[in-house]
Amino acid sequence: MKRLYKYFIALLAFAGILESYSAFAQPAPKGDLSVAINYYVNNNTVPSLLVRVKTKVDGRFQPVAGITLKLFLDKDSAGTSIGSVTTNRKGEGRIYIPVTVKKQWATSVKHTFLATFKGDKKYEEAKADLTVSRAKILLNTTDKTITATVLEMKDTTWVPVKGVELKIAVKRLTGDLPVNETPAFTTDSTGNVSADFKRDSIPGGKSGSIVLIAKIEDNDQYGNISVEKTVSWGAKFIPVNTFNKRTLFATRDKAPIWLQLIAYSILIAVWGILIFLVFNLFKIKKIGSRLE
Amino acid sequence: MENSIIDEKIINDLLPQKFGKAGKIWIALLTVICLVGLFAYYRQLRYGLVVTAMRDYVSWGIYISNFVFFVAISLVGSLITAIFRLAGVKWGSPLTRIAEIIAVAAIIFASLIIIVDMGSPERFYYLFTHGRIQSPIIWDVIVITTYFFISLLLLYYPLLPDIKILLRFKEKSGNGLHKFYGYLGSFWKGTPAQFKLSEKAINILCITIIPVAFTIHTVTSWLFATTYRPGWDSTNFGAYFIAGAFLVGAGAVVVAMYVFRKAYHLEKYITENHFEKMGRVVVLLSLLYLYFNMNEFLTPFFKMKKSEEGYLTGLFSGDFAPVFWFAILIGMIIPIIILLFKSGRKPLPVFIVGIMVIIGAWFKRYLIVTPTLLHPFLPMHDAPASYLHYFPSWEEWAITIGSLAGALLIITLLARIFPVIPIQETLTEQHEKAV
């Protein structure tokens, strides 16, 4: 009993040491977040912001999900709040510029977007900003030639911009296909670029419709701007309607002739032999009857 | 004089015999199992296919496994009768009747089990009135009907000379059977002209049955192979099925040989030499089937496509692994090991191997059908969790076991009515030997 008591005291002491060790342990350091804002305008409609949040794990950037950021236009105040977004599993969150900041939007041709994260148990607080100038693209098509014009808002008027790189392509399911062998174009002094359409054989819909796109990507001054236009320059898709045709999957009266020929000739041949053999039995019977 | 005594002895030995006590118990047992199966089928007709465990995932359960098993076993008629005959294999002639009886019984139940699987039996009629020639199911219906008819003819033609002999023993066969024999073949007088016509017909049947037998099982395999599913999407399936069918058919013949030999004391006619030779046939067929199995499973295993991974791992190491390895071991590997030794080709070991092959083959058919259905390329949405597993209901088991008992009942009754070893052929061989 005495020995047992000693063991109990020793166990308590050991537990106490362990407890004190964890009590004095430092909390794990919080991670740093990298926040980036991207600006998008499609077809000259309502602009949107795409926020990307990453953190470094084992020396490599990984997207962070579930981070809620507050977004503001030009300054961090209640009247200029764009809203808040929470990142998805790709570490991304998208928000459209709301009508509540229309007044602020109209005050300037250049705007700064602010994103703030106030920090949580795992990550330190983080901030990011992006400044863009308001711009737009006009897309015109004549006789399989595409002309795109890049314009920037100066004071109250749109003026052409020289030296902006943009791509002109055809929208496809998995990506955009350049309209010819030139991957990107640069605007001239009139803000224009011209491209010849050389994808005649590209499949379009029933009417040969394809969607052209002109886009400025990741531009430091203008962000991401794109404009689309539907033209009927693609190869027309003529659907082959097999309904009511002789196919393997048609109704019974529409079986392919070749199949019927093969199947019925085998059937006639085999059953012909069998009928012959039944008649053969009658012949044997006749011989037997004659003897009776 | 001496010849006629020997002839009478042979006839006496080979005449169908009345059931003894064991035979009557056997018939009663099979009848009871069939009746339970019939009751289960009544329940299925009364309440619908909902009494089975088949649902949206597994829509072909043990009924179709059983159907494939019956079709496979029926191929033995073409192997033993036709292929052996055309190849000039003389020792196989005492086994032809047994093979044909098994083939007829199996093909009858293959047709019946398909009707059971349809749910409403009138659908069978609709197959003929509304069937599409483009559908492999219609090919199967046509070819099964054809094969059934050929098997009947192949059983009937060689029976004619034996019926003439049976008609001589009215007091032994009884009034009812005597009348039946008279109806079947009283016209057979054994004239050279009749023999000539009969021989010609049997030869034509033997030639015709081989392509039809190959077609019946190839088309059955196409019911699966023309469907795009893991495990069925294979160009190997026709040959794989044929090889398996010949194996199980040969297994059934050795089992029947042993049982008839024991029950009717036919040791002089079904000799140890027959078991030795059939043992060699079974080992050859087992090796062939094992080869096709390796083709069927090794290459998909090596590639392990993502879409087939669930199905393959389920077979090799998952839920179906015990049944899979049991079927491979019992149905092929152990039979090969036993039969490679001379002492393994004695009657009793060959009989045991035959049973192993049949059991292995039945489970193999189960594995061909069910695991594939549980692993479609595109899983269903919102399917209840219970649909992801399949274990047959008691009705399915009762109907399946009832059909197996039914096939055995037909074999037993045919063996009661007709000589299991062709009498006339045995007499002719005896005379040829004497000369």
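Worth a mention:
- Phi angles across the stretch B:36-52 convert, under the Karplus curve 6.51 cos²θ - 1.76 cosθ + 1.60 with θ = phi - 60°, into 3J(HN,Hα) values of 4, x, 5, 4, 4, 5, 4, 4, 5, 5, 6, 9, x, 5, 5, 6, 8 Hz, Gly and Pro given as x.
- Counting all C-alpha pairs of the stretch A:193-236, share separated by more than 12 Å (%): 66
- Of B:Leu367, B:Leu153, A:Leu261, the sequence from fewest to most neighbouring Cβ atoms within 10 angstrom is A:Leu261, B:Leu367, B:Leu153.
- Pairs of alpha carbons in the stretch B:375-422 separated by more than 14 Å make up 70% of all such pairs.
- As a ratio to 2.2 N^0.38 Å, the alpha-carbon radius of gyration for the stretch A:189-276 is 2.34.
- Semi-axis lengths, largest first, of the ellipsoid equivalent to the stretch B:181-335 are 40, 22, 12 Å, with √(5λ) applied to each eigenvalue of the Cα gyration tensor.
- Partners of B:Lys277 within straight-line reach, counting lysines whose Cα lies under 20 Å from its Cα and excluding those fewer than 8 residues away in the same chain: B:Lys90, B:Lys262, B:Lys268, B:Lys342, B:Lys346.
- Amide hydrogen neighbours beyond the local backbone of A:Arg172, cut-off 5 Å, H modeled: A:Leu177
- Charge tally in the Cβ shell below 11 Å around A:Ala28, where Lys, Arg are +1 and Asp, Glu are -1, A:Ala28 excluded: +3
- The label point for A:Thr190 and the one for B:Phe124, both projected 7 Å from the Cα toward the Cβ, are 8.4 nm apart.
- The fraction of Cα-Cα pairs per 5 angstrom bin, counted from 0 for the stretch B:1-60, comes to 4, 14, 10, 11, 10, 9, 8, 8, 7, 6, 5, 4, 3, 1, 0 percent, rounded to whole percents.
- Debye intensity ratio I(q)/I(0), log10, chain B, q values 0.07 Å⁻¹ (C-alpha model): -0.36
- Annotation for B:Ala87 and B:Phe302: the two label points, set 7 Å from Cα along the Cα-Cβ direction, are 3.0 nm apart.
- Counting Cβ atoms of other protein chains within 10 Å of each Cβ in B:140-149 and taking the mean gives 2.
- With coordinates expressed along the principal axes, the C-alpha atoms belonging to chain A extend over 118, 100, 35 Å, beginning with the largest.
- For A:Asp76, neighbours were defined as the other residues whose beta-carbon sits under 14 Å from its Cβ, and their charges (Lys and Arg +1, Asp and Glu -1) total +1.
- The alpha-carbon atoms of the stretch A:135-231 define a convex hull whose volume equals 103 cubic angstrom per residue.
- For peptides B:252-259, B:88-95, B:391-398, sequence by mean Cβ density within 10 Å, most packed first: B:252-259, B:391-398, B:88-95
- Distance violations [Cα-Cα > 19 Å] among A:Lys136/A:Lys229; B:Lys172/B:Lys433; A:Lys30/A:Lys54; A:Lys30/A:Lys75; A:Lys154/A:Lys215; B:Lys9/B:Lys172: B:Lys172/B:Lys433; A:Lys30/A:Lys75; A:Lys154/A:Lys215
- The fewest-to-most ranking of A:Ser77, B:Ser78 by surrounding Cβ atoms within 10 Å reads A:Ser77, B:Ser78.
- Here each label is just a point 7 Å from Cα along the line to Cβ, and for A:Phe61 and A:Asn244 those points are 6.0 nm apart.
- By the count of other C-beta atoms within 10 Å, a proxy for reagent exposure, B:Lys306, A:Lys215 are ordered fewest to most as B:Lys306, A:Lys215.
- Each part gets one Cα centre, and for the stretch A:151-189 versus the stretch A:237-292 those centres are 68 Å apart.
- Separation between Cα centres of the stretch B:287-334 and the stretch B:27-83, rounded to whole Å: 25
- Cα point-scatterer Debye curve for the stretch A:33-133, base-10 log of I(q)/I(0) at q = 0.12, 0.15, 0.18 Å⁻¹: -0.39, -0.59, -0.82
- Over the protein assembly as shown, the ratio between the Cα radius of gyration and 2.2 N^0.38 Å evaluates to 1.51.
- Across peptide A:266-277, the average count of Cβ atoms from other chains found within 10 Å of a residue's Cβ is 5.
We did not get these values from a lab; they are worked out from the coordinates using the rules stated. Since the model is a prediction, treat every value here as computed from it, not as a measurement. When we count neighbours, we look across all protein chains shown, and the Cβ atoms used for this are built from the backbone with ideal geometry, even at glycine.
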